[in-house]
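A short write-up of the structure that comes next.
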Amino acid sequence: FRVRVRSSLLVFIAVVLVGSDLLTYVGLQALLRKYVDSRLLGLGQTLGRLIEQQPDLMLRSEGEFVSKQDDRPGNEGIQELPEVSHSIRVLDLDGTVRWKAAGAFGGPPVPSEALRQAKAGQIVYESVQTSTGMSVRRIFVPLREQGEVRYLLQAGASLSLAERTLRGLMGLLVVTSGGMIIVAWFG
């Protein structure tokens, strides 16, 4: 009888621990995503307003748009997006790069659904993976000219720091939960 009670309590404790670990992991994942999204939104809106007020900021001194030579399809593996910086590009409504910041990272092409939503004036978020396996969170902010959406500002940030944080949390939860189950068994 004692072994049965002990086993039942151990199973109950394990279920409670796994449930709380799962809630903690999913909660932190949601908070990290919200944090990255809010930072990208702030950056996108600030730069969007700046570009809308002074569109000549996208032009070189000769009056030409910045070269797009590094934006050929399949070229995203050449350059990785650093964890702490952001990538900024301005796109035409068809997804063609009109301007990019120094060191901007292109990544996969913009999905047609995201282009359609952004053309309609909506702010669009998406997570993509590069050909090298790096996860990137992107936002598309419509830029207006004379009240009409003319361009899309694309801002992106690497998700590798958030992913490492979640992996670290998972390891910590597994070790502490395993330790608590062992203590409960002998307790």
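Sorting check: for 108-120, 153-165, 5-17, which peptide has the highest mean count of neighbouring beta carbons within 10 Å, and how do the rest follow? Mind dumping the intermediate values first?
Details: 108-120: 15.4, 153-165: 20.0, 5-17: 12.7.
Packing order, densest peptide first, comes out as 153-165, 108-120, 5-17.
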Under a 1.4 Å probe, counting only protein heavy atoms, residue 39 has an accessible area in Å², nearest 10, of 120 Å²
If I model the stretch 1-41 as equal point scatterers sitting on the Cα atoms and use the Debye formula, what is log10 I(q)/I(0) at q = 0.14, 0.16, 0.20, 0.26 Å⁻¹?
-0.49, -0.55, -0.66, -0.80
Applying the Karplus parametrisation 6.51 cos²θ - 1.76 cosθ + 1.60 with θ = phi - 60° to the phi angles of the stretch 26-41, what ³J(HN,Hα) value in whole Hz is obtained for each residue in order, glycine and proline being reported as x?
5, x, 5, 4, 5, 5, 5, 4, 5, 5, 4, 4, 5, 5, 5, 5
For residue 35, what accessible area in Å² do you get when you roll a 1.4 Å probe over the heavy atoms of the protein chains, rounding to the nearest 10?
130 Å²
Which residues' amide hydrogens lie under 5 Å from the amide hydrogen of residue 151, considering only partners 5 or more residues apart or on another chain, with H built in the peptide plane?
143
Whole-Å distance linking the alpha carbon centroid of the stretch 104-167 with that of the stretch 4-20 is 44 Å
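The values are calculated or read from the model by the stated rules, or taken from the named source; none is laboratory data. As the structure is a computational prediction, the values presented were derived from the model and not from experiment. Here the Cβ is made from the backbone with ideal geometry for all residues, glycine too, and neighbour counts use every protein chain on show. These area figures cover heavy atoms from the full protein model, side chains too; ligands, DNA and RNA do not enter into them. Shrake-Rupley method; radii C 1.70, N 1.55, O 1.52, S 1.80 Å.
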